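Trainee: Here it is: the structure, laid out below.
Just so it is clear, none of the values below were taken in a lab; they were calculated from the coordinates. Since the model is a prediction, treat every value here as computed from it, not as a measurement. Here Cβ is always computed from backbone atoms with ideal geometry, including for glycine, and neighbour counts include all displayed protein chains.
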Amino acid sequence: EYLLRYLARSLASAAAQTLPAKTCVVDYGSSAPWARRLRSLSAHHRVDRFIRVEASEWSRGRALNVAVRACETPYFAAMDADCLLDPGYVACLESLASQGRFVLSCVRRVQGERRTYQDAASVPGRAVHPEEGHGLVCVPTAWLMKVKGYDEGYRIWGCEDTDLLERARMDGLAAIFVDDAATPQHLPHPPMESWMDPAGVAKAKADNRAR
């Protein structure tokens with residue numbers, strides 16, 4: 001229930017964009033009962049395409065590549081299920097990606113932290129910010145297809161994004177962070193290792209209600 005509420009809020013924010021975008025939900029390896037609920041939720045929020053993948057081992061890179069192969073728009077943008085998008089987010093992405101940029105997004109944390117990075121190179125010695133910037137990227141679809149999408153061999157969350165950014169730099173694609181005004185909000189949740197911890201879940205629910 002908790003995870004479904006996250007996804008519902010994320011999909012609602014995607015549907016409320018000032019510049020409409022095609023949306024795709026990839027259900028990667030969930031059980032049949034969960035798949036039915038995810039499909040129903042996606043239909044409720046008018047998701048353009050729902051793809052279910054049978055899998056016994058998690059691979060974020062492969063899940064993303066399923067969506068990449070289904071993409072029929074000039075630009076591909078990845079979104080985490082625990083983020084709320086500003087209404088002008090997609091318009092901002094298109095403006096930057098149309099300039100041939102590799103676009104990354106930081107997130108605003110629950111305490112209201114907001115940061116702006118005009119260029120990924122402004123973070124010395126790091127591919128992306130050490131705490132933020134993974135997960136939310138936007139690139140020209142043709143370029144993503146040219147480099148054969150995400151590397152499916154990574155198992156640590158976010159490494160496939162860093163790898164993709166490094167390949168973009170090697171190919172001459174400049175990187176830029178989304179401006180502060182359009183930065184997505186990150187929905188509070190317990191650390192991944194404590195999803196079933198009642199105290200952690202209760203605190204995250206209270207934080208979300210406060211928002």
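Trainee: Sort 146-153, 80-87 for me by packing, meaning the mean count of neighbouring Cβ atoms within 10 Å per residue, highest on top.
Mentor: Values: 146-153: 15.4, 80-87: 18.8.
The densest-packed peptide leads the list: 80-87, 146-153.
Trainee: Right, something else. Quick one: Karplus J couplings for segment 78-94, per residue in order, coefficients 6.51, -1.76, 1.60, θ = phi - 60°, nearest Hz, x for Gly and Pro?
Mentor: 9, 9, 7, 6, 10, 10, 10, 8, 5, x, x, 4, 5, 4, 5, 4, 5
Trainee: Further question: 5 Å is the cut-off here: which amide hydrogens, built 1.01 Å from N in the peptide plane, fall below it relative to C83, excluding neighbours closer than 5 in sequence?
Mentor: Here L187 satisfy the definition.
Trainee: On full extension of the chain, what length is gained from D179 through R46, given 0.36 nm per residue of separation minus the C-alpha to C-alpha distance? It would help to have the intermediate numbers written out before the result.
Mentor: On the way: separation 133, 0.36 × 133 = 47.88 nm, distance 2.78 nm.
Fully extending the segment from D179 to R46 adds 45.1 nm.
Trainee: Further question on the same structure: Given H placed on each backbone N at 1.01 Å, which residues far from Y75 in sequence or on other chains put an amide H within less than 5 Å of it?
Mentor: Those lying under 5 Å, H to H, from Y75 are T141.
Trainee: Same structure again: Within the set of other residues whose C-beta is less than 13 Å from the C-beta of W143, count the net charge using Lys and Arg as +1 and Asp and Glu as -1. Mind dumping the intermediate values first?
Mentor: Details: positive: R101, K146, K148, R167, R169; negative: D171.
Combined, the nearby Lys, Arg, Asp and Glu give +4.
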